[in-house]
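K.L.:
Pasting a structure here, questions to come.
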Amino acid sequence: MDLGLAGRRALVTGAGKGIGRATVQALHAAGARVVAVSRTQADLDSLVRECPGVEPVCVDLGNWEATERALSSVGPVDLLVNNAGVALLQPFLEVTKEACDTSFDVNLRAVIQVSQIMAKGLIARGAPGAIVNVSSQASQRAVTNHSVYCSTKGALDMLTKVMALELGPHKIRVNAVNPTVVMTPMGKANWSDPHKAKTMLDRIPLGRFADVENVVDAILFLLSDRSSMTTGSTLPVDGGFLAT
């Protein structure tokens, strides 16, 4: 199915690894022009070698001023994937200020900032657009040692709905995808313990964690005009976890 993404200009954050990198590769293959944002230059260099024509932007989205400088001159963008995120896992009684600050800066505040920059550009051009926020099943279910992560993703789900409400009149759609554990390097690092993994897998009706492609397919659908009547949604890619 042709999603009609050829010629569109897309910006993807957290583009160096995992879901973000795979999203850039898929958009590039679909004929979109992609701006790839990552804080790791080496990841961007290898991505550009793989996908010639991708425009790299190296910046730490946790730094508001640096992000403003880096993205203010990016130019017109039609599609945005807010994928950058951190998962700092701590027992609730050991949660630190640093974990809170870093997690909310990257997982929530950066989404607001990057989306503002993109949306203002679309509104100024009078152009329609689509934003997809990469959330998590942890936005809607409590997970041990994930106090801060669950909180940031719960806030991201509600931010998605408010953005959809306010940006809808400007023909800008905003949705979220909410994956279960995805077999990215971060997913493998946090769920490598077989006992811990079993406790999660036992709650997933399909009995497996998600592949990166499962999430990317959902993102591309929500970016495309095939989902033109969908906004303010949180789309589970969770094997049925949230149904249990």
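K.L.:
How large are Rg and Dmax for the stretch 32-150 when only the alpha carbon atoms are used, in Å?
P.N.:
In order Rg, Dmax, the Cα atoms of the stretch 32-150 give 16.0, 49 Å.
K.L.:
Kyte-Doolittle mean at least 0.5 and Cα extent at least 18 Å along the axis: which DSSP H helices of the chain qualify?
P.N.:
110-125, 147-167
K.L.:
So, with +1 on the Cβ of K and R and -1 on the Cβ of D and E, and no other charges, what is the size of the charge dipole of the stretch 119-244 about its Cα centre, to the nearest 20 debye?
P.N.:
That gives the stretch 119-244 a dipole magnitude of about 200 debye.
K.L.:
Net charge within 9 Å of residue 8 by Cβ-Cβ distance, Lys/Arg positive one each and Asp/Glu negative one each, not counting residue 8 itself?
P.N.:
With Lys, Arg at +1 and Asp, Glu at -1, the net is +1.
K.L.:
OK, next. How would you rank 28, 195, 170, going from fewest to most other Cβ atoms within 10 Å of each one's own Cβ?
P.N.:
195, 170, 28
K.L.:
Around residue 40, with a cut-off of 13 angstrom between Cβ atoms, what is the net charge of the other residues, counting Lys and Arg +1 and Asp and Glu -1?
P.N.:
Spelling it out: positives minus negatives among the neighbours equals 0.
K.L.:
Which of the peptides 75-86, 9-20, 200-211, 122-133 is most tightly packed, and how do the rest follow, going by the mean number of other Cβ atoms within 10 Å of each residue?
P.N.:
Packing proxy ranking, top to bottom: 9-20, 75-86, 122-133, 200-211.
K.L.:
List the aspartates and glutamates whose Cα sits under 18 Å from the Cα of residue 17, skipping any in the same chain fewer than 8 residues away.
P.N.:
Cross-link targets: 43, 45, 50, 55, 60, 211, 213, 217.
K.L.:
Any idea what the relative contact order of the stretch 1-126 is, in percent, if you count C-alpha pairs under 8 Å spaced at least 6 apart?
P.N.:
Once divided by the residue count of the stretch 1-126, the mean separation gives 24 percent.
K.L.:
Could you tell me what % of all Cα pairs in the stretch 126-185 have separations over 13 Å?
P.N.:
In whole percent, the share of Cα-Cα pairs in the stretch 126-185 beyond 13 Å is 63.
K.L.:
For the stretch 165-244 and the stretch 124-161, what is the separation of their C-alpha centers, rounded to whole Å?
P.N.:
After rounding, the separation between the Cα centres reads 11 Å.
K.L.:
If R0 is 30 Å, what FRET efficiency do you get for residue 102 and residue 195 from their C-beta distance, rounded to 0.05?
P.N.:
0.60
K.L.:
Please state, rounded to one decimal and in Å, the Kirkwood hydrodynamic radius that the stretch 187-244 gives when every pair of distinct Cα atoms enters the mean of 1/r.
P.N.:
13.1
K.L.:
Which one of 35, 90, 58 has its Cα pushed farthest toward the positive end of the charge dipole of the stretch 7-97, where Lys and Arg give +1 and Asp and Glu give -1 at the Cβ?
P.N.:
35
K.L.:
Tell me the relative contact order for the chain as a rounded percent, counting alpha carbon contacts under 8 Å between residues six or more apart.
P.N.:
Rounded, it is 19 percent for the chain.
K.L.:
How many percent of Cα pairs in the chain exceed 22 Å?
P.N.:
Tail of the P(r) past 22 Å holds 51 percent of the pairs.
K.L.:
Quick check for me: using +1 on Lys/Arg Cβ and -1 on Asp/Glu Cβ, what's the dipole size of the stretch 1-143 about its Cα centre, in debye to the nearest 20?
P.N.:
Roughly 360 debye for the stretch 1-143.
K.L.:
When the expected Rg is taken as 2.2 N^0.38 Å, what fraction or multiple of it is the alpha-carbon Rg of the stretch 137-244?
P.N.:
For the stretch 137-244, the normalised Cα radius of gyration comes out at 1.14.
K.L.:
Treat every Asp and Glu Cβ in the chain as -1 and every Lys and Arg Cβ as +1, leave all other atoms uncharged, and give the resulting dipole magnitude about the Cα centre to the nearest 20 debye.
P.N.:
For the chain, the charge dipole is close to 320 debye.
K.L.:
Could I get the Rg over Rh figure for the stretch 53-104? Both from C-alpha atoms, Rh via Kirkwood, rounded to two places.
P.N.:
1.10
K.L.:
Moving on. Straight-line reach from residue 120: which lysines have a Cα under 20 Å away, not including same-chain ones fewer than 8 places off?
P.N.:
161, 171
K.L.:
By the gyration tensor of its Cα atoms, with a ≥ b ≥ c the square roots of the eigenvalues, what is the shape of the stretch 85-161: rounded for a/c under 1.5, prolate for a/b over b/c, or oblate?
P.N.:
The shape class here is prolate.
K.L.:
Using Cα positions and a limit of under 22 Å, work out the lysines in reach of residue 198, with same-chain residues fewer than 8 apart set aside.
P.N.:
188
Since every read-out is calculated from the coordinates, none of them should be taken as a lab result. Since the structure is predicted, the reported quantities are computational estimates derived from the model, not experimental observations. When we count neighbours, we look across all protein chains shown, and the Cβ atoms used for this are built from the backbone with ideal geometry, even at glycine.
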